[in-house]
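A.B. asks: I have a structure here, written as structure tokens, and I will follow up with some questions on it.
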Amino acid sequence: MRFTHETLPQRVVFAPDDAVRAIRAETERLGAERVMVVVTASSSALAAALTGGLPVVHVHDEVVRHVPVEVAERAREAAAKCRADVLLSIGGGSATGLAKAVALTTGLPVVAVPTTYAGSEATNVWGLTRGAAKTTGVDPGVLPRAVVYDASLLRTLPVELSVASGLNALAHAVDAMWGPYADPIDLALAEEAIRGLRRGLPAVKADPAGPAGHERTLYGAYLAAVAFASAGSGPHHKICHVLGGMFDLPHASTHAVVLPHVLALQAPHFPEAERRIASALTAPTATGGLAALYTRLDAPTALRDCGMPEEGIAGAVGPVLAALPTNAPALTRDSLTALLRAAWAGEPPR
Ligand code: NAD
């Protein structure tokens, strides 16, 4: 074994039914005196309930998916105006992403309280969208200093969003298996992540308001994001990133739809990944295990249902090919076109 693995510095607090205390403790550790809350407007009541007693100086609720640059700029201005010393994000990946965009230019520390399985809270990756082009980058300053996971906050997530978001997390784990910097630690984390998601998501599906499934799924989603942050983006993320930016597609369901297609092309070329994914899914093969999980979860299967226009397929092939990492041996112009056609129409992977 010859590899270098960097573990990102972050406190992670699993605090079931205890987010209020944990948030207070984590912001106090950072010496917060002026907290700016970043929250999706629909979750502002939740934010109020979680932040009573904190020195909140501003609640910023202009959260837009994929973080348009002008939205980031307004949030940065708000942070400067209220002289925030800590950013507290409460919400899904879009709220976390906006807090990261503010941290990128201000250096302010972030405490993240996720309410989906997006996993952005565990990565040092930021994303910004200008027009139809999404840019991402890596910066140690955007990694939240602390994450507070409270499974009870996910009880309100509609079950189809839980499924799509959980499969977005699964995509982090799977794509980490062949990411450009994947190392044995990433593979071990990703395998355990898949195990957690395989157990957690069916439990969420069966009992969306119960805490047990959400807790297990959060555990898997966190591990998946840690593995992904270390291994880097594989072909799955490059494809979804281009499609999401070009057609403003919903992030989680786009990942959910594309994942089985990428797995089918990649798995034969990465035998250790195939073995680990199959084992974590308790199935004879990785693709078979994923298909069975998708059936159980009634997962989304068609990009046309995500809002992608059919005529967009041809135009997407070039930008995706240009973005692909080198570790995608089976992704050629022809196979990618076929993949996009099948994913658009909701056909099974080849
Ligand atoms: P999101 O944050 O946009 O949330 C999706 C929807 O769910 C929103 O309407 C939101 O209001 C609602 N919602 C969130 N939590 C809820 C809850 N508990 N109850 C009810 N409704 C709730 O979407 P997402 O999938 O969480 O995140 C996607 C974004 O995160 C994308 O922009 C993506 O690029 C980014 N992301 C970034 C990274 C990274 O490492 N930088 C990783 C993953 C995702």
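A.B. asks: If I take the Cα coordinates of the chain and project them onto the principal axes, what are the three extents in Å, biggest first?
C.D. replies: That works out to 55, 42, 40 Å along the principal axes.
A.B. asks: On average, how much area does the Cα convex hull of the stretch 79-200 cover when viewed from any direction, in nm²?
C.D. replies: Numbers: hull surface 35.5 nm².
Orientation-averaged projected area of the Cα hull: 8.9 nm².
A.B. asks: Another question, if that's okay. Label points 7 Å out from Cα along the Cβ direction at Ala322 and Thr136: separation in nm?
C.D. replies: Taking the two extended label points, one gets 1.8 nm.
A.B. asks: Angle between the Cα long axis of helix 312-323 and the longest principal axis of the chain, 0 to 90 degrees, nearest 10?
C.D. replies: 80 degrees
A.B. asks: Can you give me the C-alpha center-to-center distance between the stretch 9-87 and the stretch 289-350, rounded to a whole angstrom?
C.D. replies: So the separation of the two Cα centres works out to 36 Å.
A.B. asks: Further question: Projecting each Cα onto the charge dipole of the chain (Lys/Arg +1, Asp/Glu -1 at the beta carbon, about the Cα centre), which of His269, Thr301, His58 comes out farthest on the positive side?
C.D. replies: His269
A.B. asks: Determine how many Å³ per residue the convex hull of the Cα atoms of the stretch 184-255 encloses.
C.D. replies: Values: hull volume 6.3 nm³, N = 72.
Once divided by residue count, the hull of the stretch 184-255 is 87 Å³.
A.B. asks: Work out from phi, with θ = phi - 60° and the Karplus expression 6.51 cos²θ - 1.76 cosθ + 1.60, the ³J(HN,Hα) of each residue of the stretch 288-299, listed in order in whole Hz, and give x for Gly and Pro.
C.D. replies: Those phi angles translate into x, x, 5, 4, 5, 5, 4, 5, 4, 8, 6, 6 Hz.
A.B. asks: With the chain treated as a Gaussian network of Cα nodes joined by springs under 10 Å, which of Arg130, Arg155, Arg34 yields the largest mean-square fluctuation?
C.D. replies: Arg130
A.B. asks: Additional query: Say we join alpha carbon atoms closer than 10 Å with springs in a Gaussian network model of the chain; which of Ala314, Ala132, Ala47 then has the biggest fluctuation?
C.D. replies: Ala314
A.B. asks: Write down the Kirkwood hydrodynamic radius of the stretch 198-311, to one decimal in angstroms, obtained as one divided by the mean of 1/r over all alpha carbon pairs.
C.D. replies: Values: mean 1/r = 0.0654 Å⁻¹.
Result for the stretch 198-311 stands at 15.3 Å.
A.B. asks: A further question follows. Using alpha-carbon pairs under 8 Å, 6+ residues apart, how would you state the relative contact order of the chain in percent? Let's see the in-between values first.
C.D. replies: Values: 714 pairs, mean separation 51.3, N = 350.
Rounded, it is 15 percent for the chain.
A.B. asks: Let me ask you something else. Calculated FRET efficiency, Ala338 and Asp248, Cβ-Cβ r, R0 22 Å, to nearest 0.05?
C.D. replies: Result of the calculation: an efficiency of 0.35.
A.B. asks: Now for a separate question. Take the chain, connect every pair of alpha-carbon atoms lying under 10 Å apart with a spring to form a Gaussian network, then pick out the residue of Ser335, Ser120, Ser94 with the largest mean-square fluctuation.
C.D. replies: Of Ser335, Ser120, Ser94, the most mobile in the Gaussian network model is Ser335.
A.B. asks: Another one. Taking every DSSP beta bridge that has both residues in the chain, what percent is antiparallel when rounded to the nearest 5?
C.D. replies: Details: 6 of 27 bridges.
For the chain, the DSSP antiparallel bridge percentage is about 20.
A.B. asks: Using +1 on the beta carbon of Lys and Arg, -1 on that of Asp and Glu, and nothing else charged, what's the dipole of the stretch 11-154 about the Cα centre, debye to 20?
C.D. replies: Using Cβ point charges on Lys, Arg, Asp and Glu, the stretch 11-154 gives about 260 debye.
A.B. asks: Relative to the longest principal axis of the chain, what angle (0 to 90°, nearest 10) does the C-alpha long axis of helix 93-106 take?
C.D. replies: So the helix axis and the longest Cα principal axis differ by about 60 degrees.
A.B. asks: Sticking with this structure for a sec: How much area per residue is accessible in the stretch 108-254 when the probe is 1.4 Å and only protein heavy atoms are counted (Å²)?
C.D. replies: Values: 4470 Å² over 147 residues.
That works out to 30 Å² per residue.
A.B. asks: Shifting gears a bit: Per residue, how much accessible area does the stretch 1-63 have with a 1.4 Å probe, in Å²?
C.D. replies: Numbers: 3760 Å² over 63 residues.
Per-residue accessible area for the stretch 1-63 comes out at 60 Å².
A.B. asks: Determine the share of the chain's accessible area contributed by carbon and sulfur atoms, expressed in whole percent, with a 1.4 angstrom probe. Spell out each step's value before the answer.
C.D. replies: On the way: 7610 of 14150 Å².
Within the chain, the accessible surface is 54 percent carbon and sulfur.
A.B. asks: Please compute the length gained on full extension between Arg275 and Thr4, using 0.36 nm multiplied by the number of residues separating them and subtracting their Cα-Cα distance. Don't skip to the answer; put the middle values down first.
C.D. replies: On the way: separation 271, 0.36 × 271 = 97.56 nm, distance 2.32 nm.
Separation in residues times 0.36 nm, less the Cα-Cα distance, equals 95.2 nm.
A.B. asks: So what's the back-of-envelope 222 nm ellipticity for the chain, counting only DSSP H runs of four-plus at -39500 (n - 2.57) apiece and dividing by all residues, rounded to 500? Numbers along the way, then the final one.
C.D. replies: Working: 13 runs with 184 residues, N = 350.
For the chain, the value works out to -17000 deg cm²/dmol.
A.B. asks: If you line up the long axis of helix 271-280 against the longest principal axis of the chain, both from Cα atoms, how many degrees apart are they, to the nearest 10?
C.D. replies: In the chain, helix 271-280 runs at an angle near 60 degrees to the longest axis.
A.B. asks: Could you pull out every residue, at least 5 positions away or on a different chain, whose amide H is within less than 5 Å of the one on Phe14? Hs are placed 1.01 Å off N in the peptide plane, and Pro or chain starts have none.
C.D. replies: Tyr149
A.B. asks: Another question, then. Under a point spin-label approximation (7 Å from Cα along Cα-to-Cβ), what is the Asp17-Ser44 distance to one decimal in nm?
C.D. replies: 3.0 nm
A.B. asks: Counting only C-alpha contacts under 8 Å and six or more residues apart, can you give the relative contact order of the stretch 168-345 as a whole percent? Let's see the in-between values first.
C.D. replies: On the way: 276 pairs, mean separation 45.9, N = 178.
Over the stretch 168-345, the number comes to 26 percent.
A.B. asks: Please report the relative contact order for the stretch 1-135, taking Cα pairs under 8 Å with a sequence separation of at least 6, and give it as a percent rounded to a whole number. Please report the intermediate quantities before stating the final value.
C.D. replies: Working: 214 pairs, mean separation 32.3, N = 135.
In percent, rounded to a whole number, it is 24.
The values are calculated or read from the model by the stated rules, or taken from the named source; none is laboratory data. Given the structure is predicted, the values throughout are model-derived calculations rather than measurements. Backbone-built Cβ (ideal geometry, glycine too); neighbour counts: all protein chains shown. Note: accessible area is taken over every heavy atom of the protein model, side chains too, but ligands, DNA and RNA are not part of it. Shrake-Rupley method; radii C 1.70, N 1.55, O 1.52, S 1.80 Å.
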